[in-house]
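Here is the structure we will look at.
The values are calculated or read from the model by the stated rules, or taken from the named source; none is laboratory data. Everything numeric in this text was worked out from a predicted model, so none of it was measured. Glycine gets a Cβ as well: all are built from the backbone with ideal geometry, and neighbour counts include every protein chain shown. For the accessible areas, the whole protein counts, side chains as well, though only heavy atoms, and no ligand, DNA or RNA atoms are used. Shrake-Rupley method; radii C 1.70, N 1.55, O 1.52, S 1.80 Å.
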4 protein chains.
Amino acid sequence: MTPRFGSVLTAIGTPFLADGSIDEQGVGRLAQWLVANGSDGLVVTGSTGESGTLVDGERRRLWQLVREAVDCPVLAGATTNDTAHSLRLIKDAEEVGADGILAVTPYYNRPPQAGLVAHFSAIAEATALPVMLYDIPARTGRRIELPTFVTLMERHENIVAIKDASGDVARAAKLIETLRGRAEIYCGDDSLLLAFLSLGAVGVVSVASHWAGFAFGALVSAALSGDLERARRINRNLLASYEFESSELYPNPIPTKAMMGVLGVCSDYTRSPLIDPPPELREQARKLYAELEHNLAAEGIGMAHA
Amino acid sequence: MTPRFGSVLTAIGTPFLADGSIDEQGVGRLAQWLVANGSDGLVVTGSTGESGTLVDGERRRLWQLVREAVDCPVLAGATTNDTAHSLRLIKDAEEVGADGILAVTPYYNRPPQAGLVAHFSAIAEATALPVMLYDIPARTGRRIELPTFVTLMERHENIVAIKDASGDVARAAKLIETLRGRAEIYCGDDSLLLAFLSLGAVGVVSVASHWAGFAFGALVSAALSGDLERARRINRNLLASYEFESSELYPNPIPTKAMMGVLGVCSDYTRSPLIDPPPELREQARKLYAELEHNLAAEGIGMAHA
Amino acid sequence: MTPRFGSVLTAIGTPFLADGSIDEQGVGRLAQWLVANGSDGLVVTGSTGESGTLVDGERRRLWQLVREAVDCPVLAGATTNDTAHSLRLIKDAEEVGADGILAVTPYYNRPPQAGLVAHFSAIAEATALPVMLYDIPARTGRRIELPTFVTLMERHENIVAIKDASGDVARAAKLIETLRGRAEIYCGDDSLLLAFLSLGAVGVVSVASHWAGFAFGALVSAALSGDLERARRINRNLLASYEFESSELYPNPIPTKAMMGVLGVCSDYTRSPLIDPPPELREQARKLYAELEHNLAAEGIGMAHA
Amino acid sequence: MTPRFGSVLTAIGTPFLADGSIDEQGVGRLAQWLVANGSDGLVVTGSTGESGTLVDGERRRLWQLVREAVDCPVLAGATTNDTAHSLRLIKDAEEVGADGILAVTPYYNRPPQAGLVAHFSAIAEATALPVMLYDIPARTGRRIELPTFVTLMERHENIVAIKDASGDVARAAKLIETLRGRAEIYCGDDSLLLAFLSLGAVGVVSVASHWAGFAFGALVSAALSGDLERARRINRNLLASYEFESSELYPNPIPTKAMMGVLGVCSDYTRSPLIDPPPELREQARKLYAELEHNLAAEGIGMAHA
């Protein structure tokens, strides 16, 4: 059974111009390029999309641009750590035709679990769109506990999926089984995708799929069809991408922007407090791409090409 | 030598009305009440002030209201995880007469240390106001490393203070010594204040000072004058307040709002995703206050009174 | 290709008599019972075997008893945090016919990685037996870093396997790929087995295989033959066993001993500082077993029976 | 009031000869040297004494040698992760005239809190000597929870002290207040001593006191007499020693052994799995000592001299 939003979702980066404004043409180009190169769906204005430094109008515009550029599921990262603000953003997402909402744990203000229930409930009630909950404690400072997920799923039919970036694989197994038939679980860490798939996750919200979308698709297919040998060979080839995509020195999405720049898809500017990729990171990107392309060829898997 | 902003700074909560709007009278009343009850200065729209759910106009209005209500150092929590946005907020803070800027680590987007340098540098360069850096990794997902502090202090004379809520006491000792004569370190965890004072911190940015401001002042005086016995007796009496002020079930500032409501200073509404204090928390607040008042009397220390 | 020591290894518990001495008959009975019920091999005097409270003569005697009782690979937990002591124990293990050595990270004294290289090298050089390295930082306070594994594998042909109980699934993927064709990786956390198998682990050193050995075998077979659906159904049934087998209140091996007692295989005494299973834990064991037996029947999988 | 065992206790290292045997003359020389240079008491065969690689007879011999060499409180690190074994060692400690027992949390086997109560109770009941409990979760993998301390203190009069190396300063404050008048708390991390003193700890079980015993004594005196300025100046001078005494590359006690070798007190051999100090570490030791000597002179504080 095909998952509602597809198997390989890409958390698309946001291209900027040299003056810091959104590169509208680049957005469309990047979206089309991703879909042409293995992405089944796109998550727009997620953390990889530098949501923290976008204003509301820009978020809406980005959803619209992507919506117009591609004909695949588009999820809008339309929530913040402010419930009321989130409800306004969701209306925007609906209006421009998003297919779903990615709802992240409120960050920084660290609400109690009862507050998470109230927050996500308000979001689910404010929209007819399907909602994907997003648990990423390393960024938010707060975990969504398993009973909180269960309570929300019992109450809101349109909460249909979870992006689990908790890094806790044993918990993922429990989550997947507890919510079996009720919610689709997506892996939120590229490096844990194969493990998550074995446990019943339906796919990934990926970063490295910016350049290796076909490989992620092939990995999912191989794993779900039971060809673990092939899945592992693909995963092995992606290990270097997992290390590249985020590090202390160059956290996500800086390396992804470097790669997009190197591949000529769009420019690689970021907004402060992130930093633009330095030459050495671009050089790493070039090298990584070449090696990956060479290795994947042996599996009959192509790379994203401009 | 008296620290620039005073010893006992309170991260003032933001009172709301039943309809969710800011309780403007409550703001003034609370600010005056805090200053009358032991606070040397106020940090407005910090995390305790529910900064995450305030819009820009509200922030500005809050700084203004507090500025008008009291005649003490007022620091504006005027930065977010967006450098450009922060620069606009800082202008507002200047215009309404704030005495300083509390600049928190960008949360959620987890910039590299080089990005932190760029972010805080932009802030320092955008204002003539003194700046207090705020390190609170449990909320932000990113630590400010010691070399980053040093670099910033070397470059920007108006970065004058640090609120250290890292919970890392051994690091605090190094920080204080490394920046001796250059920056004033404030403790950002009430429960660690006495330890920080012994290491050379100049004071606290406190939450429990909402109800125990005189006790914090007395604790600082006792510690700095070398009367550790007295400092410890006061600290002992505050242990219950430290446990009360934030918990998994009722994280900060929910308990503080319960206390302010119980004391009749202002209402105790919060904005979602936080939750309003339930009756049991109010009952805890009442009991805590009564016990603390009784115990502090033995030290000749009064409590905040309406 | 069948892994050298088999797929389902059980870290066998050590039965004691009421007077605290080793229940020699119980040891043989338990070993035979495990092998009759799904274990391919046995790890004797590991942490589940309460190695911390065994004296040298007892260790040797346990290896001997198990060696005599069963005809399957027997690995001796023959190392401590003392290199010289470990070398003596290894001689004992050789003399009584162990098939391999489980070599745990030195605990408590927290050696540097260079010390780990020296320690494990001394062990590998002291024996012709194959050695399985055992990384379990939650118990030892020290992790074996990936480069340390690589160095050891380069130097010592008889280091042939790793029991990875680090809990770090992303690292496991790297470890497995880095050492592909050189070392067999066993999962050291029952709850992570399915994830590890998907990444290329060859099996498990299990605790819950004391009562669910056939289920672990079926899980491994299903996963390795590509029937992930079945593997997941089995794993789902084992979730309750994962929670049961170790908790803050009753850490491993207390619950396993309760289960063995309830099943009539051997007594359930422990040595202090562990505690004997209280009646409530035995009751939990009974209930867990009954439910698991019922659920596994639907998969055509039997339980261990006395 | 002077604490029972003194303020500055040194966890004495164990000198070995080139052949790996105990350097008996070195032991006596080192013990005398420590007492002559600022130590009020000695903890023998603690983790700094490489307890993990000592056999029982060696432990007993070490307690005896130190007992004979010096006339100050001698605490014997006479417990392991095996209750029965610990009881035998305690008898040895009593027989050779130890003044107290340092009882560490059972490591590696991770007992439940109920098991800790049973273990430490058995120890307390087995001896008339005063007992110091030792909480060091980074080495043992298990924390002693506050209620466990309280239960033990209620039941056993001869449990009189705690060495807190948990690194949790907020907990230390609660521990000290909860057990005020009942137990003396020693800081188990040199770098946290000043903070602990401010909270009411009575002293330190130190490592760096091997070369800076007078400084630790002066730090304690200054803090307890209320001269925090001086305490801080001394602490500042010790920061480099805190960094030196344990690191990932050279964990404790390797740097201490290097220093003792450089100062000519005893040889610097370790037992595997620790490693002998390389020349670069000796060079660091020399440099550190020279700088510290120079800086402490300004405070009128001498260094340990051979």
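Label the range C:153-256 by shape, choosing from rounded, prolate and oblate, from the square roots a ≥ b ≥ c of the eigenvalues of the Cα gyration tensor; if a/c is under 1.5 it is rounded, and otherwise prolate applies when a/b is larger than b/c, oblate when it is not. It is oblate, given that a/c is not under 1.5 and a/b is not larger than b/c. In this structure the amide hydrogen of residue D:163, modeled in the peptide plane, comes within under 5 Å of the amide hydrogens of D:133, D:134, D:135, D:186, none closer than 5 places in sequence on its chain. For a modelled paramagnetic label at residue A:88, 7 Å from Cα along Cα-to-Cβ, the residues of the range B:50-79 in reach, with backbone nitrogen under 13 Å, are B:53-59. For the range C:8-226, the average shadow cast by the Cα convex hull is 11.1 nm², which is a quarter of the hull's surface.
Averaged over peptide C:28-39, how many Cβ atoms belonging to another chain are found within 10 Å of each residue's Cβ? Don't skip to the end; give the middle numbers.
On the way: counts 0, 0, 0, 0, 0, 0, 0, 0, 0, 0, 0, 0.
Partner-chain Cβ atoms within 10 Å, mean over residues of C:28-39: 0.
Across identical copies of the chain, residue D:182 has label-point separations of 4.4, 4.6, 5.4 nm, listed in ascending order, with the point defined 7 angstrom from Cα along Cα→Cβ. Entry note, chain A: relative contact order of 18 percent, from Cα contacts under 8 Å with a spacing of 6+ residues. For the range D:158-206 versus the range B:223-265, the spacing of their alpha-carbon centroids is 21 Å.
Summed over both chains, the contact between C and D buries some 2900 Å² of accessible surface at a probe radius of 1.4 Å. Tally the DSSP beta bridges in the protein assembly as shown and give the antiparallel ones as a percent, rounded to 5. If we restrict to bridges inside the protein assembly as shown, about 5 percent are antiparallel. Here residue C:32 yields copy-to-copy label distances, from shortest upward, of 6.4, 7.5, 8.9 nm, the label point defined as 7 Å from Cα along Cα to C-beta.
Based on the alpha-carbon gyration tensor of the protein assembly as shown and its eigenvalue square roots a ≥ b ≥ c, which shape applies: rounded if a/c is under 1.5, prolate if not and a/b is larger than b/c, or oblate? Before the final figure, lay out the partial values.
Numbers: a/c = 1.64, a/b = 1.08, b/c = 1.51.
Cα axes put the protein assembly as shown in the oblate bin.
Inter-label distance, residue D:55 to residue D:25: 2.4 nm, where each label sits 7 Å from its Cα along the C-beta direction.
Accessible surface for the range A:8-235, divided over its residues, is 28 Å² per residue with a 1.4 Å probe.
Considering only DSSP beta bridges whose two residues both sit in chain B, what percent are antiparallel, to the nearest 5?
Numbers: 1 of 27 bridges.
Bridges in chain B that DSSP calls antiparallel: roughly 5 percent.
Comparing B:38, B:210, B:105 along the charge dipole axis of the range B:8-227, the residue lying farthest to the positive side is B:105, per the Cβ-charge model. Taking the label point 7 Å along Cα→Cβ, residue B:71 and its counterparts in the other copies are spaced 6.8, 7.2, 9.8 nm apart, in ascending order.
Amide H contacts for residue B:82 (H built 1.01 Å from N in the peptide plane; partners 5 or more residues away or on another chain; cut-off under 5 Å): none found.
Comparing A:203, A:226, A:261 in a Gaussian network model of chain A where C-alpha atoms under 10 Å apart are linked, the largest mean-square fluctuation is found at A:226. Please find, in a Gaussian network model of chain A (springs between Cα atoms separated by less than 10 Å), the residue of A:257, A:91, A:163 whose mean-square fluctuation is greatest. Ranking A:257, A:91, A:163 by mean-square fluctuation puts A:91 first. Comparing the full protein assembly with the isolated chain (1.4 Å probe, heavy atoms, ligands and nucleic acids excluded), the residues of the range C:266-280 losing at least 20 square angstrom of accessible area are C:272, C:273, C:274, C:275.
Please report, as a whole percent, how much of the solvent-accessible surface of the range B:50-196 comes from carbon and sulfur atoms (probe radius 1.4 Å). Mind showing how you got there, number by number?
On the way: 2050 of 4300 Å².
The C+S portion of the solvent-accessible surface of the range B:50-196 is 48 percent.
Residues in the range A:137-151 carry Karplus couplings, in order, of x, 5, 9, 9, x, 8, 9, 8, 6, 4, x, 5, 4, 4, 4 Hz; the curve used is 6.51 cos²θ - 1.76 cosθ + 1.60 with θ = phi - 60°, and Gly or Pro positions show x.
Out of the range A:134-228, which GluC sites (Glu not before Pro) are coil in DSSP terms and have no more than 15 other C-beta atoms within 10 Å?
Working: sites: A:145, A:154, A:157, A:177, A:184; in loops: A:145, A:157.
Those that pass, being in a loop and sparsely packed, are A:145, A:157.
Sorting D:294, C:156 by solvent-accessible area of protein heavy atoms yields D:294, C:156, largest first, with a 1.4 Å probe. Mind grabbing the accessible area of residue D:104 for me, 1.4 Å probe, Å², rounded to tens? My reading of the accessible area for residue D:104 is about 10 Å². Given axes a ≥ b ≥ c from the Cα gyration tensor, I'd like to know whether the range C:209-293 is rounded (a/c under 1.5), prolate (a/b larger than b/c) or oblate. It comes out prolate by the Cα gyration axes. Largest GNM mean-square fluctuation across C:248, C:229, C:283, computed for chain C with C-alpha springs under 10 Å, falls on C:248.
Pairs from the list A:91/B:257; D:174/D:257; A:163/B:257; D:163/D:257 with a Cα-Cα gap above 24 Å: A:91/B:257; D:174/D:257; A:163/B:257.
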